[in-house]
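In what follows, a single structure is set out as structure tokens and then discussed.
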Amino acid sequence: FRHRFGGRDTLVFPNAPPQYSSFNSDVWRKVEEVEFRLSRAKKTLALTGVSYEEDPNKNPKLNGKIPIPKTFYKVLYFPRDGKILCFEMDNRDYPADFSVKSENCRVRCRDLEERTGITFFPDQHQRRKREYPSIDLLLL
């Protein structure tokens, strides 16, 4: 950044929820790579969010103040074919040899909507909002 104030602004994250290091640098990064690859191939609308424990007192806190999310989720909607993909993963430390596969991060979108209380892309006709039956994350 060349702007005399802009450089400092890029290092401020007021709306970024805390992530465990191995989750951020390895596991969630791979889910975001899938989003990037798919969005380059076809028009994609993406939502990213977090969920917390139902009881706020059970959420761990960063520096005793900032609640740490229980999970992160990503919803990808492909308007041209009316299909949707949902991913959700626990925000925790993962072992170095953990392999991100469809079966450990892919979730049914209806289940995610129920857990979060959010209807994703509500303007899309329910008949058209179909889930992709399967996707091999390792091939992407």
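Taken together, the values in this text are just the output of simple stated rules run on the coordinates, not laboratory data. Predicted model, so just to flag it, every value in this text is computed and none were measured. Note that each Cβ is placed from the backbone with ideal geometry, even for glycine, and that neighbours are counted across all protein chains shown.
Determine, for each peptide in 67-73, 95-101, the mean count of other beta carbons within 10 angstrom over its residues, then list the peptides with the highest first.
Top of the packing list down: 67-73, 95-101.
Can you give the extra length, in nm with one decimal, that the chain gains between A41 and K61 once fully stretched, where that is 0.36 nm per residue apart less the Cα-Cα distance?
Full extension of this stretch gives 3.3 nm more.
Per residue of the stretch 25-34, what does 6.51 cos²θ - 1.76 cosθ + 1.60 with θ = phi - 60° give for ³J(HN,Hα)? Whole Hz please, x for Gly and Pro, Karplus curve as stated.
Residue by residue, the stretch 25-34 yields 7, 10, 5, 5, 4, 5, 5, 5, 5, 4 Hz.
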